[in-house]
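To start, the structure itself, in structure tokens.
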Amino acid sequence: MANWSDPRTTATQRPAGIGAQDVAYDAGLRSYMLSVYNYMASGVLLTGIVAMLFSMGGGSSYAAQLFINGGILKWVVILAPVGLVFWLSFGIQRMSETTAKAVYWVYAVLMGLSLSTIFLVYTGGSIAATFFATAGAFAGLSLFGYTTKKDLSGFGTFLIMGVVGLLVAMVINIFLQSSAMALAISAIGVLLFAGLTAYDTQRIKSMYAYVAGTDMMGKTAIMGALSLYLDFINMFQFLLSFMGDRR
């Protein structure tokens, strides 16, 4: 959901032209969106593989040792992904495409390390069920965002404000430790990131009209993949609190 650029375009905006130009534009758009989805899916896959490998061995796994006895290294692993998101969001203009890709893959690995603890808390079956449920929901919502003719930009602003409020509520609940509030946060989180999946897909699609044929196209695809990756991972985590069976 990284709001690195929001052109406020509609889903149907495209360069003027008919016939061959339209065919070329549609082909370019499909190729561009396919690269976005490939980056996003590869990032999610890499995160999952790292999380599984790091958690192998249960209580004696690297994940258990890091998050129980890791000291400052634990906080580096937890906070580093946040720093990388800000670096990509605000530094993408100055980065080369190769650097942007490298930062994205490092981010996916670090997220895998951070998420490895879910394999220590929840059963493998419930994690798998939640993952496939999230994947199905994500596919449907992203397809809606891609095909709808309705401009979702105003809806997106509301959702982003909702995420800020959600973060505040999560910080407050660290001190309150309210199970009812935690449940409400999870439910709202699922809805917010479901909506952001559709919004971000439309925004990424709209960006193609601005970057097609420029050297920003590759970097824009990476940033689009990061947005959808964040939507997927957050929706998965919030949904896991409902569907996950604890060990």
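Structure summary
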{"quantity": "Principal axis dimensions, largest first and in whole angstrom, of region 121-209 by Cα", "calculated": "46, 32, 17"}
{"quantity": "Under the Debye formula (equal points on every Cα, no solvent term), log10 I(q)/I(0) of region 137-187 at q = 0.18, 0.31 Å⁻¹", "calculated": "-0.73, -1.09"}
{"quantity": "Centroid-to-centroid separation of region 26-74 and region 211-247 [C-alpha atoms, Å]", "calculated": "11"}
{"quantity": "Percentage relative contact order, region 91-247, counting C-alpha pairs under 8 Å, at least six apart", "calculated": "41"}
{"quantity": "Under Karplus coefficients 6.51, -1.76 and 1.60, residue-wise ³J(HN,Hα) of region 73-80 in Hz, glycine/proline x", "calculated": "4, 4, 6, 4, 5, 6, 8, 4"}
{"quantity": "In Hz, Karplus ³J(HN,Hα) per residue of region 138-152 (6.51, -1.76, 1.60; θ = phi - 60°; x = Gly, Pro)", "calculated": "4, 4, x, 5, 5, 4, 4, x, 6, 9, 5, 8, 7, 6, 9"}
{"quantity": "Under-5 Å amide H pairs with Tyr122, H placed in peptide plane, nonlocal only", "calculated": "Arg247"}
{"quantity": "Reported label for calculated semi-axes √(5λ) of the Cα gyration tensor in Å given (1) 33, 20, 17; (2) 53, 19, 14; (3) 36, 20, 17", "calculated": "(1)"}
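Bear in mind these aren't lab numbers, they're just calculated from the coordinates by the rules spelled out. Here the structure is a predicted model, which is why all the values come from computation and not from measurement.
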